[in-house]
């Protein structure tokens, strides 16, 4: 059996990812520092039927090894939990584990 989390995810995160230190803030309370994640903040456009850009939107995502939470004794993130990334707090809009130990989250401004 291949250890995807220890072998693959750790290498991808360390080599290809732009890892940032993040703080997990569960809605139920508490604070868990010492987590590393790959954070992206992308500005995009919303287009109307004519193809004209009507508005700008900002999309924030965070990807990380799901196993980091167990090491800290923290629960897995769910909708409405929060993360602090570079001094800004974001709310988890959606969280999904890919089956290989990588956690993907869509975030929104708090």
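Rundown of residues vs (1) touching a strand residue (DSSP E or B) at 6+ places or on another chain (Cβ under 6 Å); (2) without any contact (Cβ under 8 Å) to a residue 40 or more places away in the chain; (3) at positive phi; (4) surrounded by 14 or more Cβ atoms within 10 Å (Cβ to Cβ), yes/no style:
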position: 49; (1), (2), (3), (4): no, yes, no, no
position: 52; (1), (2), (3), (4): no, yes, no, no
position: 63; (1), (2), (3), (4): yes, no, no, yes
position: 67; (1), (2), (3), (4): no, no, no, yes
position: 74; (1), (2), (3), (4): yes, no, no, yes
position: 79; (1), (2), (3), (4): yes, yes, no, no
position: 84; (1), (2), (3), (4): yes, no, no, yes
position: 89; (1), (2), (3), (4): yes, no, no, no
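Residue by residue, here is whether (1) in contact with a helix residue (DSSP H, G or I) (Cβ under 6 Å, 6 or more places away or on another chain); (2) part of a strand (DSSP E or B); (3) at pLDDT below 95 holds:
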position	(1), (2), (3)
24	no, yes, no
42	no, yes, yes
49	no, no, yes
58	no, yes, yes
70	no, no, yes
90	no, yes, no
Would you confirm, using the coordinates I've provided, whether residue 41 is surrounded by fewer than 18 Cβ atoms within 10 Å (Cβ to Cβ), touching a strand residue (DSSP E or B) at 6+ places or on another chain (Cβ under 9 Å), within 20 Å of residue 19 (Cα to Cα) and touching a residue at least 40 places away in the same chain (Cβ under 8 Å)? no
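The values are calculated or read from the model by the stated rules, or taken from the named source; none is laboratory data. Please read these numbers as outputs of a predicted model, since none were measured by experiment. Don't worry about glycine lacking a Cβ; one is built from the backbone with ideal geometry, like all the others, and counts go over all protein chains shown.
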